[in-house]
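Working notes, beginning with the structure itself.
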């Protein structure tokens, strides 16, 4: 009997936004695989679950996933993953083969920009019969809307979620969609403010950073956002 | 002291997908307001929380929210709400005024097509100082992706969420976005299958109905979907 792999979305930051199912599975498994963006950094996902579940006595397998800076990363099938990824895949696979159930924890929701899906195909290549269950979580997009107290869409309204490279088509997208969620705005913040100003949409924008965390920032006049507030978790929601 | 209103996203159907925070608040409040789509129907949101929390002894205030069939419903400011809505607003407001903390429960995530936001402005008109906290939840979109074991987006990929009236611009949207989530497909299913076939995208589509519920259906060849399987909770995710 091989072990079962649970991929758990642990929510955007507040440990209480973990689901009941996520918390239960984390309590039950023996080993937790924790992705990290930097080799030396600490894991936000790990700190989230520590705030909700006592994980003492469990094996914590920290895994460093170097992210590539390519313009269009495809599914893992199509790219050569770094050797660090291969190490992680083998470490996960060997434990499952020993019959150990594992949780792979990921910030927010697994379907929304989680690195897990790069591993998914590779694991199934090793054994197409592997039992993998994905447990959805609260995404940072939904949490940001909740904290800013805005609806992303009502009735027949359309939502666009743009993670990057959006400046070229921004006007077109804002014309066709009722709500546009712009992720990772730290990269292009000044250009974005200028573009929204040109379109007379500044008053429709709200800036949310680190929703639900201790250092959360919500700024309704996005021209007031300071450079030092911009970070990887900053987004702007434009609601027409 | 007025009571506090908690708007809680209870997730897509599986009671275990309620958040820890949602479950805790439901345990603590004295009164739960439960929206219903039909005056005589039962509430899915209520059955979800009953599966996770013992709510005996609490006041359950069922509220019927007739949904209008207009093409573009605006924020509640701009529309005349049915008198049934006004009754609910007054019932909620009078309890808060007595200092009673309340939970307003809503399926999925409150920011994604929840009727709550029609009430929100009306409540703040009555008292701009009302304390309203929105607790995000797992949306049916994230849950459907999890059950179908697909990523909605990786790296720089763009997501479009279209609730209705999408047939006219479908080709354009599918060209510009990496993932297109089509909600409420029961309305136009045959047209949709034909359009995706014309665009050679049938193999990229997956049909998900009632994700995580007992009668969940996942169909990877959407031409096999039977008319009787189509319902309000059916969606198609197209992943290029």
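The values are calculated or read from the model by the stated rules, or taken from the named source; none is laboratory data. Since the structure is predicted, the reported quantities are computational estimates derived from the model, not experimental observations. Neighbour counts run over all protein chains shown; Cβ positions are idealised from the backbone, glycine included.
When A:121, A:82, A:168 are checked against the criterion of being modelled with pLDDT under 95, surrounded by fewer than 18 Cβ atoms within 10 Å (Cβ to Cβ) and closer than 26 Å to residue A:221 by Cβ, a single residue qualifies: A:168.
Looking at segment A:155-176, can you tell me whether even one residue there is more than 23 Å from the chain's Cα centre (by Cα) and closer than 30 Å to residue A:26 by Cα? There is no residue in segment A:155-176 that is more than 23 Å from the chain's Cα centre (by Cα) and closer than 30 Å to residue A:26 by Cα. In the set A:221, A:231, only one residue is away from chain B (no Cβ under 14 Å), surrounded by fewer than 20 Cβ atoms within 10 Å (Cβ to Cβ), modelled with pLDDT of 95 or more and more than 30 Å from residue B:14 (Cα to Cα); that residue is A:221.
Within the bounds of segment B:124-140, is there any residue that is modelled with pLDDT under 95, buried (at least 20 other Cβ atoms within 10 Å of the Cβ) and within 24 Å of residue A:16 (Cβ to Cβ)? For segment B:124-140, residues modelled with pLDDT under 95, buried (at least 20 other Cβ atoms within 10 Å of the Cβ) and within 24 Å of residue A:16 (Cβ to Cβ): absent.
Please return the ranges of helices (runs of 4 or more DSSP H) entirely within segment B:103-195 where 1 or more residues are more than 9 Å from chain A (Cβ to nearest Cβ) and touching a helix residue (DSSP H, G or I) at 6+ places or on another chain (Cβ under 6 Å).
Answer list for segment B:103-195: B:116-126, B:170-176.
In segment B:1-44, the residue that is modelled with the lowest pLDDT out of those that are within 16 Å of residue B:143 (Cβ to Cβ) and surrounded by fewer than 23 Cβ atoms within 10 Å (Cβ to Cβ) is B:44. Each residue in segment B:7-56 was checked for being over 15 Å from residue B:108 (Cα atoms), part of a strand (DSSP E or B) and within 14 Å of chain A (Cβ to nearest Cβ), and 0 of them qualify. For residue A:92, the conditions (1) under 23 Å from the mean Cα position of the chain (by Cα); (2) away from chain B (no Cβ under 14 Å); (3) surrounded by fewer than 24 Cβ atoms within 10 Å (Cβ to Cβ) are fulfilled apart from (3). Of the residues that make up segment B:57-72, is at least one at pLDDT below 85, in a loop (DSSP other than H, G, I, E, B), in contact with a helix residue (DSSP H, G or I) (Cβ under 7 Å, 6 or more places away or on another chain) and surrounded by 17 or more Cβ atoms within 10 Å (Cβ to Cβ)? The answer is yes, given that some residue of segment B:57-72 is at pLDDT below 85, in a loop (DSSP other than H, G, I, E, B), in contact with a helix residue (DSSP H, G or I) (Cβ under 7 Å, 6 or more places away or on another chain) and surrounded by 17 or more Cβ atoms within 10 Å (Cβ to Cβ).
Among the conditions (1) without any contact (Cβ under 8 Å) to a residue 12 or more places away in the chain; (2) in a helix (DSSP H, G or I), the only one that residue A:223 does not satisfy is (1).
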